[in-house]
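Visitor: Right, I'll just put the structure down here and ask away after.
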Amino acid sequence: MFLRPILSCLLLLILLSCKTKQPSTNVTHNKKPQLLVFSKTNSFRHTSIPDGIAAFKQLGLENNWDIKFSEDSLIFNQKELSKTQLVVFLNTTGDILGNIQETAFETYINNGGAFLGIHAATDTEHDWDFYKHMICAQFKSHPKQQTATLEKQSSCKHPATAHLNTSFQKYDEWYNFKEPVAKQAVVLLELDEQSYSGKRMHTQHPIAWYQHYEGGRILYTGMGHTSAAYSDLDFLTFLKEGIHWCLGNKEVTIPEQGQSLLDKELSLWDVWMGGVHSSVDIDFETSDNVKTGKPLGLNNDPKNVFEIIEQDGSPVLHITGEIFGGLTSKNEYQNYHFETEFKWGDKKWEPRLKSKRDSGILYHAKGKHGTFWNVWMSSLEFQVQEGDCGDFIALGDVYGDVPATRKTRDNGSVYFTYDPLGENIPLKWGKGFESGQASKSTLYEKAHGEWNTLEIYTINNESIHLVNGHVVNRVKNARYDIANKTIPISKGKIQIQSEAAEIFYKNMRITPIQKFPSKYKNQ
């Protein structure tokens, strides 16, 4: 009579063991996206808020969105936010959330949430650092309401502005900001300050922008003061298409012919700098352990670790390696061919003076900056290291399976080498996994000082590593552990590492693809 309970327990233990080795990738998606439109004000209150609410109700009906409207700060809690795919601040003003609610919101963004700020969202939470960096600007003043000319940044193929002319006019209340809009923002629309009168910023004047911030998607528009805005087709289309982007339904597209990723200003990139070794001459807190040291942070590169130099009239990325860091793409990318050339420089730095020259190209990078060693994001790594170019390494909570052969070192430890006919091995640094790394199949790296070509092909959640035209690794079933769930991952940012070795990159391009080249199918 006790046999059935015993068998049930044994079956449960087997299932749990299997799950530990290869976590489930099943994801529960809401059929109707859940939006929270929040319009609380503790300062000036816009009379257009009811018109905005009415517009969102209509957008919800037309796009099958389930929208909750609230002015109760207590709705910012883990239970409610876990059901929410997008938070909208509709002309909020002043200090509207308490400390507990702020923490819940930060966690929500870190876990992949999205945020849309409308007009006075920049006149909100002036003393909350996380929000300040997320929203990218803070309201200072405005002239009288009037018509102004707006210029679209045509080089940015964002769905929220695809319908707009390169130059157009709108009537609204145009905000000036306390400081220039933060560098990490990707500008969508700028005001032509010569087209209107009164108080102005007297510099470049962005009025709509977006960014991928600390795990979440962020979009802001300075329009939306007047009631008339919420019946303006251009503005409503901006909101609708912007929400689709926030929800991940649409992406910023790569030009069909491809795109160079390097220019003089590194305009497509941000920089995240990690902890500083005590050997570095710098006016900043240093440490012998750079893995735990205080990071310099976002777009703070006082030693010019990442810089563009010119060679034969073309931009070359020079990375000194002096401080650990990551050159981080502003955009997330999916379904692409990434190609670049690299060569090693001669300089090496602590704490790797006696180690191999090391760097790496991280892709499908997700979540917060500094998740790994206070420097890099969770990501898949194309290893760039002397003698190891093309190795795969799983960083943080982004990982995958590699067809590989299991091998044993003299000391008894296990390692894996890419083998197209091998068993698919789940690789992650963590409990229940044998390793987080797979070596390249063969070494194709050229001698020190010579240029090498590195390529990544990625379609959906599979990718291929090539060194000098040879397939050396393949990652399948890429996935991401986040908020107690495991989800498939097919897109993310790209990071170029600085890791204590001088290195140069040139001819860095990304091109959209729909499938893998047939010649690499069985390699």
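Each value in this text was obtained by applying a stated rule to the coordinates, not by laboratory testing. Nothing here was measured: the structure is a model prediction, and the numbers come from that model. Glycine also receives a Cβ, built like all others from the backbone with ideal geometry; neighbour counts cover every protein chain displayed.
Visitor: Write down the percent of antiparallel bridges among all DSSP beta bridges whose residues are both part of the chain, to the nearest 5.
Guide: So the antiparallel bridges amount to about 85 percent of the total.
Visitor: In this model, which of Lys57/Lys79; Lys68/Lys240; Lys157/Lys493; Lys348/Lys440; Lys79/Lys294 are farther than 28 Å apart at the alpha-carbon? Spell out each step's value before the answer.
Guide: On the way: Lys57/Lys79 23 Å; Lys68/Lys240 16 Å; Lys157/Lys493 17 Å; Lys348/Lys440 24 Å; Lys79/Lys294 32 Å.
Check vs 28 Å cut-off fails for Lys79/Lys294.
Visitor: Which helices, counted as full DSSP H runs in the chain, have an axial Cα extent of no less than 24 Å and a Kyte-Doolittle average of -0.5 or above?
Guide: What comes out of the filter, once short or polar helices are dropped, is 3-21.
Visitor: Relative contact order of the range 259-520, please, whole-number percent, based on alpha carbon pairs below 8 angstrom and at least 6 residues apart.
Guide: On the way: 744 pairs, mean separation 70.6, N = 262.
Averaging sequence separation for qualifying contacts and normalising by length gives 27 percent for the range 259-520.
Visitor: Report the net charge of residues surrounding Tyr415, where surrounding means a beta-carbon distance below 15 angstrom and charges are Lys +1, Arg +1, Asp -1, Glu -1.
Guide: -1
Visitor: Hey, could you get me the Stokes-Einstein D for the range 180-284, Kirkwood radius over alpha-carbon pairs, 10 °C and 1.306 mPa s, rounded to whole µm² s⁻¹?
Guide: 92
Visitor: For the pair Asp127 and Ile100, how long in nm is the line joining their label points, each one 7 Å along Cα→Cβ?
Guide: Spacing of the two 7 Å Cα→Cβ label points: 2.0 nm.
Visitor: In deg cm²/dmol, rounded to 500, what helix-only [θ] at 222 nm does the chain give when every DSSP H run of at least 4 residues adds -39500 (n - 2.57) and the total is split over its residues? Provide the component values of the computation, followed by the final result.
Guide: Working: 6 runs with 71 residues, N = 523.
Mean residue ellipticity, 222 nm, calculated: -4000 deg cm²/dmol.
Visitor: Another question, then. Once fully extended, how much extra length lies between Ile53 and Asn289, figured as 0.36 nm per residue of separation less the alpha-carbon to alpha-carbon distance? Intermediate values should be presented prior to the final figure.
Guide: Working: separation 236, 0.36 × 236 = 84.96 nm, distance 5.16 nm.
Contour length minus Cα-Cα distance gives 79.8 nm.
Visitor: What list of ³J(HN,Hα) couplings, whole Hz, do you get for the range 264-281 from phi and the Karplus terms 6.51, -1.76, 1.60, once you set θ to phi - 60° and write x for glycine and proline?
Guide: For the range 264-281, the Karplus curve yields 4, 8, 6, 5, 8, 10, 10, 10, 10, 10, x, x, 10, 5, 5, 7, 7, 7 Hz.
Visitor: Only four residue types carry charge here, +1 at the Cβ of Lys and Arg and -1 at the Cβ of Asp and Glu. Report the dipole size of the chain about the Cα centre in Debye, rounded to the nearest 20. Spell out each step's value before the answer.
Guide: Numbers: 56 positive and 61 negative charges, 355 e Å.
Roughly 1700 debye for the chain.
Visitor: Can I ask one more? Work out the FRET efficiency for Asn411 and Ser355 from their Cβ-Cβ distance, taking R0 = 22 Å, and round it to the nearest 0.05.
Guide: Efficiency for this residue pair is about 0.70.
Visitor: Using all C-alpha to C-alpha distances in the range 34-246, build P(r) with 10 Å bins and read off the rounded percent in each one.
Guide: For the range 34-246, the binned pair fractions read 8, 38, 40, 13, 1 percent.
Visitor: Taking amide H positions as placed 1.01 Å from N in the peptide plane, with prolines and chain starts having none, which residues 5 or more places from Lys250, or on another chain, fall under 5 Å of its amide H?
Guide: When sequence neighbours closer than 5 places are left aside, the close amide H contacts are Trp245.
Visitor: In nm², what is the average projected area of the convex hull enclosing the Cα atoms of the range 88-132? Could you put the intermediate results ahead of the total?
Guide: Values: hull surface 11.4 nm².
Result: 2.8 nm².
Visitor: Which three semi-axes in whole Å describe the equivalent ellipsoid of the chain, each the square root of 5 times a Cα gyration tensor eigenvalue, listed largest first? Mind dumping the intermediate values first?
Guide: Details: eigenvalues 338, 177, 94 Å².
Semi-axes, largest first: 41, 30, 22 Å.
Visitor: If you average 1/r over every pair of different alpha-carbon atoms in the range 259-520 and take one over that average, what Kirkwood value in Å do you get?
Guide: Across the range 259-520, the inverse of the average 1/r is 18.5 Å.
Visitor: Also: Along the Cα→Cβ direction, 7 angstrom out, place labels at Ser195 and Ala228. What is the inter-label distance in nm?
Guide: 1.5
Visitor: How long is the gain from Tyr520 to Ile282 if the chain were fully straight, where each residue apart is worth 0.36 nm and the alpha carbon distance is subtracted?
Guide: Values: separation 238, 0.36 × 238 = 85.68 nm, distance 4.70 nm.
Gain on stretching Tyr520 to Ile282: 81.0 nm.
Visitor: Same structure, new question: Hey, which of these cross-link pairs are over 31 Å Cα-Cα: Lys83/Lys250; Lys83/Lys515; Lys83/Lys199?
Guide: Lys83/Lys515; Lys83/Lys199
Visitor: Let me ask another. Ranking Tyr399, Tyr196 by Cβ neighbours within 10 Å, fewest first, what do you get?
Guide: Working: Tyr399 30, Tyr196 19.
Going from sparsest to densest Cβ surroundings: Tyr196, Tyr399.
Visitor: While we're looking at this one, here's another question. Averaging over all projection directions, find the projected area of the Cα convex hull of the range 316-443 and quote it in nm² with one decimal place.
Guide: Mean projected area for the range 316-443: 9.6 nm², to one decimal.
Visitor: So, R0 is 22 Å and r is the distance between the beta-carbons of Thr107 and Asn42; what FRET efficiency does that work out to, to 0.05?
Guide: Once the sixth-power term is evaluated, E becomes 0.45.
Visitor: Further question: Could you tell me the distance between the Cα centroids of the range 376-433 and the range 40-77, to the nearest Å?
Guide: If you average the Cα positions of each part, the centres end up 47 Å apart.
Visitor: Find out how many positive minus negative residues lie around Gly242, taking Lys and Arg as positive, Asp and Glu as negative, among other residues whose Cβ is under 11 Å from that of Gly242.
Guide: +2
Visitor: Once R0 is set to 56 Å, what does the formula 1/(1 + (r/R0)^6) return for the Cβ-Cβ distance between Ser82 and Thr166, expressed as a FRET efficiency to the nearest 0.05?
Guide: Details: r = 41 Å, r/R0 = 0.73.
Result of the calculation: an efficiency of 0.85.
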